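Below is one structure, written out as structure tokens; the observations come after it.
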Amino acid sequence: MFKNTNRTFYEPYIEFINENFDSTDHYFMIEEYNNQLLNEYYENNLEYINKFQFIKIIKELYISDKIILHSLTSPRLILLLFFQPWLLEKCYWAIWGADLYYYNHRKKNFKSNIYEFFRKYIIKNIGGLITHIYGDYELAKQWYGANGEYYYSFMYPSNLCKEYDAPRIKSNDKFYIQIGNSADPLNNHREIIMKLSKYKHKNIEIICPLSYGNDAYKAEIVKLGKDIFENKFIPLTNFMPFDRYLDILSKIDVAIFNHKRQQALGNITTLLGLGKKVYIREDITTCQFCLDHHLKVFSLNENFDDLFEKMNTREIQMNIENVKRQFSEEKLIDDWKKIFKDDIK
């Protein structure tokens with residue numbers, strides 16, 4: 001079950017499942033707030049559910065052998081599961097990040113305290129937890145007392161290694177820097193922009209993806225970037241075809257992700273697979289993930305004094321080979337096959 005927040009995740013995932021598994025064994029529910037037409041390609045095993053269809057949701061929860069919750073952010077689903085706890089033993093939680101780190105980033109008030117009380121009970125008793133970040137599983141145990149089994153999967157086709165055959169030789173000497181991956185304030189763009197401001201007179205171009213997230217924050221970051229870097233700051237404010245986005249990533253020299261929690265891993269692994277130099281924080285679970293997968297990343301806890309230094313060829317090749325091996329379609333099929341076949345009861 002998905003909450004309809006971003007089609008770029010769930011539509012390719014549903015297509016991936018239907019192509020590689022028996023589609024009659026899988027039924028997808030998307031929590032939708034508008035009257036939206038079904039995509040005909042998926043109409044046999046997908047249904048959009050509005051907030052009033054409690055009976056329909058409950059029926060599907062009961063007749064399903066397994067329930068996979070893609071993110072745990074739906075208040076209605078939280079309530080349904082809290083008052084029917086016997087369903088939790090057959091539930092798997094695919095952790096997205098924001099649903100886990102709500103523990104730290106929620107606005108603490110009476111309403112959120114009640115909501116967190118419900119969530120804590122569910123997370124503690126849920127049967128399985130799915131994530132490619134083992135550190136996030138450990139945090140779920142630490143923060144919520146989670147007792148469920150751990151299942152490794154990098155979850156979605158968006159995280160697959162991206163093959164890119166076009167030439168990667170740039171047509172100029174400009175140095176391209178990507179900062180962040182969205183208009184989510186947790187990207188902490190301001191801190192990075194200020195650190196990079198000392199290089200504003202160099203021949204650089206700063207690419208800043210802001211196509212989804214908080215509109216007010218997006219406007220703030222665009223203004224700040226333009227004020228400091230002028231036409232060297234290029235905000236990407238609209239969604240674009242993935243092939244075009246991959247063209248942009250292919251010319252990046254350095255990417256900087258200042259998230260203070262696990263986030264943007266699809267961007268990070270794609271860039272590493274393209275042989276790019278990537279900076280992340282040392283104090284987040286993503287850093288340990290990269291160490292575990294033998295991926296060379298750089299610490300942004302410093303002041304970027306080594307920003308323009310190139311990675312050595314051995315490190316670049318190591319990253320490319322490890323991403324290809326560990327984020328292949330075959331590996332993703334195998335991950336989900338294990339989850340679908342396993343019995344957490």
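The values are calculated or read from the model by the stated rules, or taken from the named source; none is laboratory data. All figures in this text were calculated on a predicted structure; none of them were measured in a lab. As a convention, Cβ positions derive from the backbone with ideal geometry for all residues, glycine included, and neighbour counts pool all protein chains shown. SASA here: full protein model, heavy atoms, side chains in, ligands and nucleic acids out. Shrake-Rupley method; radii C 1.70, N 1.55, O 1.52, S 1.80 Å.
Before moving on, here are some points about what is shown:
- Among the residues of this structure, Leu81 counts as one that is more than 26 Å from Glu15 (Cα to Cα) and either in a helix (DSSP H, G or I) or touching a Lys or Arg at 6+ places or on another chain (Cβ under 6 Å) (or both).
- The lone exception for Ile122 - which of (1) within 30 Å of Leu272 (Cβ to Cβ); (2) of a type outside the set (Ser, Thr, Tyr); (3) part of a helix (DSSP H, G or I); (4) touching a residue at least 12 places away in the same chain (Cβ under 8 Å) it fails: (1)
- Here Pro185 passes the criteria (1) of a type outside the set (Gly, Ala, Ser); (2) surrounded by fewer than 17 Cβ atoms within 10 Å (Cβ to Cβ); (3) modelled with pLDDT of 95 or more; (4) under 17 Å from Gln262 (Cα atoms) except the one numbered (3).
- Search result, residues across segment 281-315 that are farther than 14 Å from Ile268 by Cα, open to solvent by 20 Å² or more (accessible area, probe 1.4 Å) and in contact (Cβ under 8 Å) with a residue 24 or more places away in the chain: Asp292, Asn303, Phe308, Lys310, Met311
- Per-region count, segment 60-114, residues open to solvent by less than 20 Å² (accessible area, probe 1.4 Å), among the β-branched types (Val, Ile, Thr) and either under 18 Å from Glu32 (Cβ atoms) or free of Cβ contacts under 8 Å to residues at least 24 places away in the same chain (or both): 1
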